[in-house]
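Notes follow once the structure below has been shown.
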Amino acid sequence: MNVRDSEHMIAELKEKENYELTQDAKEADLILINTCSVREKPVHKLFSEVGSFEKIKKNGAKIGVCGCTASHLGDEIFKRAPNVDFVLGARNVSKITKAVNTPKFLGNDIDFDESNYAFADFRNSLYKTYINISIGCDKHCTYCIVPHTRGDEISIPFEIIKNEALKAVSKGAKEIFLLGQNVNNYGKRFSNAHERINFSDLLEKLSEIEGLERIRFTSPHPLHMDDRFLEVFSKNPKVCKSMHMPLQSGSSEILKAMKRGYTKEWYLDRALKLRSMCKDVSISTDVIVAFPGESDKDFEDTMDVLEKVRFEQMFSFKYSKRPLTKAATMPNQISDDIASKRLNILQVKHTEILDEIVAKQKDKEFEVLFEELRSEGFVAGRSDNNFLIQVKGSEELLGKMKKVKITNPRRMVLNGEIL
Ligand code: SAH
Ligand code: SF4
């Protein structure tokens, strides 16, 4: 979502303020730092980052701090880093042109509604295009700061989403990537009167766009994975067979304390049903270890789900105490020592599972959309089910879909040959 927010800011500045993009901070007239605040570490990094940009920036160049940390620290950023020129929170992105023209501009209103704002157009990739379908989040999982930085959930009107998709496809995009904190809760609330539509309908309607070949999305919430959603996902040929199912914990007790709204049994039922409906699906997940009160038994439940679902990809984190969240004040916070041990056990097990999954890909054939030039003459792209695949080749392959046979599968990338 931050990548897309950055694209929006770049687009607005290019079109309305005549800025040009540079990756060289030394020659920039404006330096934007787009921040995350989901875990504590990036927040600390922000201030050292501002410090290092201050040292190298041109005389008179501005520094803007954007994103979730800007939302929740607000004014405090000016106090801790007086050389910052403006602070622009997530969900206030459309104010970027005002921010660059107003001394010490502070825009961190989490009730600001930009769900109807049609941003100017800029994309990092010609072939894959991110499209926001909702802003904010209503879930208030007890560990999570996002509802405090991105505000309440509002769906973006279907017409805006469709127009973005049409525009991208007319410029050569083959893939759209729908973004939201709970994409499969789409349609719950719009700012203005809107036809009834849910996420499954949205997928079906977008898949009718001619020339569009692939639809991806993140993040769906396991709670909203009803049968129709699983069916549309499995049957619609344009919907990529890669599902992110953020588990967080395998223990029903901990899930309850996290306020996730589902149990271990519901999660396993959905994941295993998905595996049976869609034989090539790859399932990725997010796991938090050492949430307050997590016992050895709770952690074993997480390991149990890992072994039963055998995720193709896992993002795992130690619980990080965040301001404004309920979990921050819970008793039984777990020591960093135990958290590190659990994270290690989880990751070692997952690597084992992954090695088995990877070995099984040898000689399989995948349709790959090539997107990236890599070193040593390799070109890489993703299969429908999200494996990173590379072949020897040149830039002529970029943006093309080709059938590839896997010859040498490795953990980080599957090597193959074009058929
Ligand atoms: N809306 C998405 C998640 C967005 S945050 C969802 O519900 O899945 C991305 C991931 O960061 C989360 O899935 C969670 O695993 C992790 N995360 C969020 N808050 C965290 C915290 N306080 N400590 C550690 N990890 C956290
Ligand atoms: Fe955070 Fe939960 Fe919302 Fe995801 S669903 S953004 S984890 S509050």
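Which of the three applies to the chain, rounded, prolate or oblate, going by the alpha-carbon gyration tensor with a ≥ b ≥ c and a/c under 1.5 meaning rounded?
rounded
Scan around His244 for amide H atoms under 5 Å from its own, H built in the peptide plane at 1.01 Å from N, and keep only partners 5 or more places away or cross-chain.
Here the answer is Ser284, since their amide H atoms fall under 5 Å of that of His244.
Just want the ordering: Cys240, Cys68, from fewest to most Cβ atoms lying within 10 Å of their own Cβ.
Cys240, Cys68
For the range 1-26 and the range 162-239, what is the separation of their C-alpha centers, rounded to whole Å?
Measuring centre to centre over Cα atoms gives 26 Å.
What are the ³J(HN,Hα) values, in whole Hz, obtained from phi via the Karplus relation 6.51 cos²θ - 1.76 cosθ + 1.60 with θ = phi - 60°, for each residue of the range 211-227 in sequence order, with x given for Gly and Pro?
Once θ is set to phi - 60°, the couplings for the range 211-227 become x, 7, 9, 9, 10, 10, 7, 7, 9, x, 9, x, 4, 9, 8, 7, 4 Hz.
Based on the mean of other Cβ atoms within 10 Å per residue, sort peptides 307-314, 144-151 so the most packed one is first.
Ranking, from highest mean packing down: 144-151, 307-314.
Roughly how big is the range 365-418's charge dipole about its Cα centre, with Cβ charges of +1 (Lys, Arg) and -1 (Asp, Glu), in debye to the nearest 20?
180
Could you size up the charge dipole of the chain around its Cα centre, putting +1 on the beta carbon of Lys and Arg and -1 on that of Asp and Glu, and report it in debye to the nearest 20?
360
Residue by residue through the range 267-275, what is 3J(HN,Hα) from phi via Karplus (6.51 cos²θ - 1.76 cosθ + 1.60, θ = phi - 60°)? Round to whole Hz and write x for glycine and proline.
4, 5, 4, 5, 5, 6, 5, 4, 4
Sequence-distant or interchain residues sharing an amide H contact under 5 Å with Met225, placed H: which?
none
Quote to one decimal, in nm, the extra length available between Lys98 and Thr407 on full extension: 0.36 nm per residue of separation minus the C-alpha distance between them.
105.9 nm
Tell me the Kirkwood radius of the range 2-107: reciprocal of the mean inverse pair distance over distinct alpha-carbon atoms, in Å.
Working: mean 1/r = 0.0733 Å⁻¹.
Kirkwood radius, the range 2-107: 13.6 Å.
To the nearest Å, what is the center-to-center distance of the range 63-85 and the range 269-317, using C-alpha atoms only?
36
Can you work out the FRET efficiency for the pair Glu307 and Asn415, with r the C-beta to C-beta distance and R0 = 35 Å, to the nearest 0.05?
0.80
Applying 1/(1 + (r/R0)^6) with R0 = 25 Å to the Cβ-Cβ distance of Arg189 and Lys259, what FRET efficiency is obtained, to the nearest 0.05?
Working: r = 19 Å, r/R0 = 0.76.
Once rounded, the FRET efficiency stands at 0.85.
May I ask you to order 95-102, 379-386 by the average number of other C-beta atoms within 10 Å around their residues, highest value first?
379-386, 95-102
Along the charge dipole of the range 253-411, which of Phe317, Asn385, Thr351 sits closest to the positive end, that is, farthest toward it, with unit charges on the beta carbon of Lys, Arg, Asp and Glu (+1, +1, -1, -1)?
Asn385
For the range 285-292, what does the Karplus curve 6.51 cos²θ - 1.76 cosθ + 1.60, with θ = phi - 60°, yield as ³J(HN,Hα) per residue in whole Hz, taken in order and with x for Gly and Pro?
For the range 285-292, the Karplus curve yields 8, 10, 10, 10, 9, 6, 4, x Hz.
Quick one: which of Lys128/Lys162; Lys318/Lys360; Lys321/Lys341 span more than 27 angstrom between C-alpha atoms?
In this structure, Lys318/Lys360 exceed 27 Å between Cα atoms.
What whole-number value in cubic angstrom gives the convex hull volume per residue for the C-alpha atoms of the range 123-240?
Measuring per residue, one finds 107 Å³ for the Cα hull of the range 123-240.
Taking 0.36 nm per intervening residue step and subtracting the Cα-Cα distance, what contour gain separates Glu159 from Ser276 on full extension?
Numbers: separation 117, 0.36 × 117 = 42.12 nm, distance 3.43 nm.
Full extension from Glu159 to Ser276 adds 38.7 nm.
Looking at Asn408, His224, His140, which one has the Cα that reaches farthest to the positive end of the dipole of the chain (charges on Cβ: Lys, Arg +1; Asp, Glu -1)?
Selected residue: Asn408.
Listing Val281, Val50 from the residue with the fewest other Cβ atoms within 10 Å to the one with the most, what is the order?
Ranking Val281, Val50 by Cβ neighbours within 10 Å, fewest first, gives Val50, Val281.
Name the residues whose placed amide hydrogens come within less than 5 Å of the amide hydrogen of Leu32, ignoring near sequence neighbours (fewer than 5 apart) on the same chain.
Gly64
Explain nothing, just the number: dipole magnitude of the range 251-396 about its Cα centre with +1 on each Lys and Arg Cβ and -1 on each Asp and Glu Cβ, in debye rounded to the nearest 20.
660
Sorted by average packing, counted as other Cβ atoms within 10 angstrom per residue and highest first, what order do 347-359, 82-94, 24-36 take?
Highest to lowest by the protection proxy: 82-94, 24-36, 347-359.
If you check each cysteine of the chain for another cysteine whose beta-carbon is under 4.7 Å away, which ones come up empty?
Flagged as lacking a Cys partner: Cys36, Cys66, Cys68, Cys137, Cys240, Cys278.
Test of understanding: ordering Tyr319, Tyr267 by Cβ neighbours within 10 Å, fewest first, what list do you get?
On the way: Tyr319 23, Tyr267 26.
If I rank by nearby Cβ atoms, fewest first, I get Tyr319, Tyr267.
Dividing the alpha-carbon radius of gyration of the range 365-418 by 2.2 N^0.38 Å (N being the number of residues), what value is obtained?
Normalised by 2.2 N^0.38 Å, the Cα Rg of the range 365-418 equals 0.95.
Here, each number is a calculation from the coordinates, and none is a lab measurement. None of these values were measured; they are calculated from a predicted model. A quick note on method: Cβ atoms are made from the backbone with ideal geometry, for glycine too, and the neighbour counts reach across all protein chains shown.
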